[in-house]
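**Student:** Here it is: the structure, laid out below.
The values are calculated or read from the model by the stated rules, or taken from the named source; none is laboratory data. Since this is a predicted model, take the numbers as computed values, not measurements. Please note: Cβ atoms are built from the backbone with ideal geometry, for glycine as well, and neighbour counts cover all protein chains shown. With ligands, DNA and RNA removed, areas are computed over all heavy atoms of the protein, side chains included. Shrake-Rupley method; radii C 1.70, N 1.55, O 1.52, S 1.80 Å.
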Amino acid sequence: MPLKTEPLASLCEAVVDCPHSTPVWTESGFLVLRNQNIKDGKLDLSDPSFTDEEHFKQRIRRMAPRAGDIVITREAPMGEVCKIPEGLTCCLGQRQVLLRPKPDVDPDYLLYALQSPFVQNQIRWNEGTGSTVSNIRIPVLEKIDIPRHGDAEPDIAAVLGSLDAKIDLNRRINQTLEAMAQAIFKSWFVDFEPVKAKVAAKEGGRDQLRVAMSAISGKPDATLDALSRRQFDQLAATAMLFPDEMDESELGKVPKGWKVKKIDDLVETVGGATPDTKNPNYWEPPEFAWTTPKDLSGLRSPILLKTERKLSKKGLEKISSGLLPEGTLIMSSRAPIGYLALTQMPVAINQGYIAMLPGGEIPPLYLLFWCKESMDAIKGNANGSTFLEISKKAFRPLPLLQPMPELVLEFSRRVKPLISRMVVSERESAELTALRDALLPKLLSSELSLTDGMTGVEA
């Protein structure tokens, strides 16, 4: 049975182009959607942009986006889509088109249909010239064929949406876990809260240990006795690791006994390279994971599970740093500076990274959160005329505060379970993403139907 399709325009009440002008940017005000906010079928507002009321009204003159509308990017990049959520007031930026589905068209189904290979191939192909295109015009967009499945469309969207809902839940859980680990690091090694609590208790004649225990646990002193004996003893042992005095250093006042050292004194740092991409001997057969910062650009957690490309044995031999061990911390050193990830497999790196290897006096897990807290200082040591880059030469002398080894071990003991849970969630999300991407074209092409057992898929 041939696939039934209809042109996109017939599914929409309106197909509205964006204003062909650059928005007037402001620090706050009314939200403007930008192409960088639209990726993989989602709207990401972690880096929002704004305009003032006057220009906002100008940009919604043709049509104001509302919940259930779909935005598609016309170029740079082309064909990315997202759905406007409930409660969001916004306007289009540049190079975007607003699609308003008809009342009898399920917006979620249309969102998934637009992401399918069947539709994406039409978006990228110019029938007139027989070549790929870099942008899509409204008349062409309106004629794109959309697969139709009648009453099954909401169910198709529900199956795919349940997978996306679980992926999104994992993302939010990992954000919480990462924030918890970062909060511990900041409290202990940036704000020195347990040490300052001890200092204040010492000056006030109070019990230093219990005050430090409160600072570490976030629990009032009066509730500490409600802890189990094991919990109390573990908390007390951790509190004892913090000193009760501060000393002057080149970084200002720091806990007594902690040392300021260069990164190079505490951890081995290496760079990478790119073998000749035109020489197939360096890439075939693909055996060893090789990463560029592009692999990190889409990560939602600082966990690297896979790479886009792999090297052959001959290709690996062209990289002096070789295959770095699992658990290495990699940081992009240019374009842009600051992508971070802990590798979950042995991996070789290109020249766009600085890698911090396991086995030093300070572990990569600690360095991950130190880099996050110190990113402004790291970027402050970058230079370059075309784009900013932090070289290994500039990175290695940066000062790093070295706590007592026992305290670093205790930090790792507390944070490792959080990272392990993040890895499990990321692996599950990768499997769910692969399942969704495999189901999407099969369901829309009728190669697979919901009667084939897919109705049991749940979030």
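**Student:** Any residue in segment 347-361 that's touching a residue at least 12 places away in the same chain (Cβ under 8 Å): show its pairings with residues that are open to solvent by 10 Å² or more (accessible area, probe 1.4 Å) and of a type in the set (Asp, Glu) at Cβ separation under 6 Å, as long as the two are six or more apart or on different chains.
**Tutor:** Between residues of segment 347-361 that are touching a residue at least 12 places away in the same chain (Cβ under 8 Å) and residues that are open to solvent by 10 Å² or more (accessible area, probe 1.4 Å) and of a type in the set (Asp, Glu), the close pairs are LEU357/GLU268; GLY360/GLU268.
**Student:** Quick check on my filter: what residues within segment 195-213 are open to solvent by less than 20 Å² (accessible area, probe 1.4 Å) and under 15 Å from LEU224 (Cα atoms)?
**Tutor:** Once the filter is applied, which keeps residues that are open to solvent by less than 20 Å² (accessible area, probe 1.4 Å) and under 15 Å from LEU224 (Cα atoms), segment 195-213 yields ALA212, MET213.
**Student:** Follow-up question, since we're still on this one. Which pairs turn up if I take residues in segment 386-402 that are touching a residue at least 12 places away in the same chain (Cβ under 8 Å) and farther than 12 Å from ILE337 by Cα and look for partners that are in a strand (DSSP E or B) and open to solvent by 70 Å² or more (accessible area, probe 1.4 Å) with beta carbon separation below 9 Å, at least 6 apart in sequence or on another chain?
**Tutor:** Final answer for the pair search is ALA394/ASN383; ARG396/LYS262; PRO397/LYS262; LEU398/LYS262; PRO399/LYS262; LEU400/LYS262; LEU401/LYS259; GLN402/LYS259.
**Student:** Filter segment 237-265 down to residues that are outside any helix (DSSP H, G or I) and of a type in the set (A, V, I, L, M) and give me whichever is nearest to LEU209 (Cα to Cα).
**Tutor:** So, considering only residues that are outside any helix (DSSP H, G or I) and of a type in the set (A, V, I, L, M), the one nearest to LEU209 (Cα to Cα) is LEU241.
This table checks each residue for (1) over 23 Å from GLU53 (Cα atoms); (2) in contact with a Ser or Thr (Cβ under 6 Å, 6 or more places away or on another chain); (3) in contact (Cβ under 8 Å) with a residue 24 or more places away in the chain; (4) open to solvent by 10 Å² or more (accessible area, probe 1.4 Å).
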position: ASP69; (1), (2), (3), (4): no, no, yes, no
position: THR73; (1), (2), (3), (4): yes, no, yes, no
position: ALA76; (1), (2), (3), (4): yes, no, yes, yes
position: THR89; (1), (2), (3), (4): no, no, yes, yes
position: ASP108; (1), (2), (3), (4): yes, no, yes, yes
position: TYR112; (1), (2), (3), (4): yes, no, yes, yes
position: PRO117; (1), (2), (3), (4): yes, no, yes, yes
position: PRO139; (1), (2), (3), (4): yes, no, no, yes
position: ASP155; (1), (2), (3), (4): yes, no, yes, yes
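**Student:** Which residue pairs have Cβ atoms under 7 Å apart, sit 6 or more places apart or on different chains, and have a first residue in segment 1-24 that is free of Cβ contacts under 8 Å to residues at least 60 places away in the same chain and a second that is surrounded by 13 or more Cβ atoms within 10 Å (Cβ to Cβ) and polar (S, T, N, Q)?
**Tutor:** Partner pairs satisfying both residue conditions: VAL24/THR51.
**Student:** A follow-up question, please. Quick check on my filter: what residues within segment 26-60 are among the acidic types (Asp, Glu) and either at pLDDT 95 or above or assigned to a strand (DSSP E or B) (or both)?
**Tutor:** So the first thing to find is which residues in segment 26-60 are among the acidic types (Asp, Glu), and the list is 27, 40, 44, 47, 52-54.
Within segment 26-60, GLU27, ASP52, GLU53, GLU54 meet the criteria.
**Student:** Could I ask something else about it? Regarding SER320, is this residue open to solvent by 30 Å² or more (accessible area, probe 1.4 Å), of a type in the set (Ser, Thr, Tyr), farther than 18 Å from LEU296 by Cα and in contact (Cβ under 8 Å) with a residue 40 or more places away in the chain?
**Tutor:** Yes, satisfied.
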